[in-house]
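The values are calculated or read from the model by the stated rules, or taken from the named source; none is laboratory data. Predicted, not measured: the structure shown is a model, and the values here were computed from it. Here Cβ is always computed from backbone atoms with ideal geometry, including for glycine, and neighbour counts include all displayed protein chains. For accessibility, only protein heavy atoms count, side chains too; no ligands or nucleic acids. Shrake-Rupley method; radii C 1.70, N 1.55, O 1.52, S 1.80 Å.
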Amino acid sequence: MSIATGKGDYGSTNLFTGEKISKADLKVETYGTGDELISFLGWLKHDAKYFADFIEWVQIKLYKLNAVLASSAETKKNECVDNFEEDKQYSLDFFLSELEKEYGRLDGFIIPSETPPSSKADICRSICRRFERRVISLSAHEKIDKEILIFINRLSDVLFMMARVMAKREGGTTYGFKRTDT
């Protein structure tokens with residue numbers, strides 16, 4: 001059986017809950033950005049072996065989050081939110097705290113480029129920030145659970161610090177500047 005159904009050939013797609021919607025809709029753009037993040041995290045996972053389990057957990061969590069965003073029926077959306085919130089294998093706040101302890105104090109802005117793998121983590125962080133902006137835009141049109149917004153925001157912080165720790169572990173050179181230099 002082919003994955004090509006032909007149903008999307010004319011600019012529409014079906015939501016997780018079955019409703020037909022334009023591929024240009026903000027909802028599709030939003031969960032599409034989440035999908036892009038999932039894919040880039042898969043790319044990062046190959047260079048961040050010591051974070052591979054965590055990254056895989058994040059990818060699965062993002063799939064659950066995308067199910068929420070790709071739903072329109074409130075009952076199905078609530079089921080998806082419950083599924084998203086039940087998965088607490090890792091705490092992003094705890095993980096972030098551990099990364100901050102390992103890296104140490106940040107003295108200013110970092111120019112992403114310390115090592116190729118840390119640069120991949122920074123690309124993931126940038127996509128995560130865009131995903132957050134899309135979810136916030138969508139929240140002006142429909143109710144988005146606050147835990148989703150918190151998760152995405154904290155994830156971008158984790159990805160930033162993950163990049164710094166990866167660079168430190170790999171002996172990368174940090175380039176940056178202090179706020180007073182801007």
Residues in the range 130-146 that are surrounded by fewer than 16 Cβ atoms within 10 Å (Cβ to Cβ), free of Cβ contacts under 8 Å to residues at least 60 places away in the same chain and either assigned to a helix (DSSP H, G or I) or in contact with an Asp or Glu (Cβ under 9 Å, 6 or more places away or on another chain) (or both) total 5
Note on the range 105-118: residues surrounded by fewer than 18 Cβ atoms within 10 Å (Cβ to Cβ), outside any loop (DSSP other than H, G, I, E, B) and not hydrophobic (A, V, I, L, M, F, W, C) are Pro116
For the range 6-24, pairs from a residue that is open to solvent by 60 Å² or more (accessible area, probe 1.4 Å) to a residue that is of a type in the set (D, E, K, R) and assigned to a strand (DSSP E or B), with Cβ under 9 Å and 6 or more apart or across chains, are Lys7/Lys20; Asn14/Lys20
Pairing a residue in the range 43-57 that is in contact (Cβ under 8 Å) with a residue 24 or more places away in the chain with any residue that is open to solvent by less than 90 Å² (accessible area, probe 1.4 Å) and of a type in the set (Val, Ile, Thr), where Cβ atoms lie under 9 Å and the two sit 6 or more apart in sequence or on different chains, gives Trp43/Ile123; Leu44/Ile55; Leu44/Ile123; Asp47/Thr115; Ala48/Ile55; Phe51/Val165; Phe54/Val158
Going through the range 6-38 in order, the residues found to be under 23 Å from Ser126 (Cβ atoms) and touching a helix residue (DSSP H, G or I) at 6+ places or on another chain (Cβ under 7 Å) are Leu26, Lys27, Glu29, Thr30, Tyr31, Thr33, Gly34, Asp35, Glu36, Leu37, Ile38
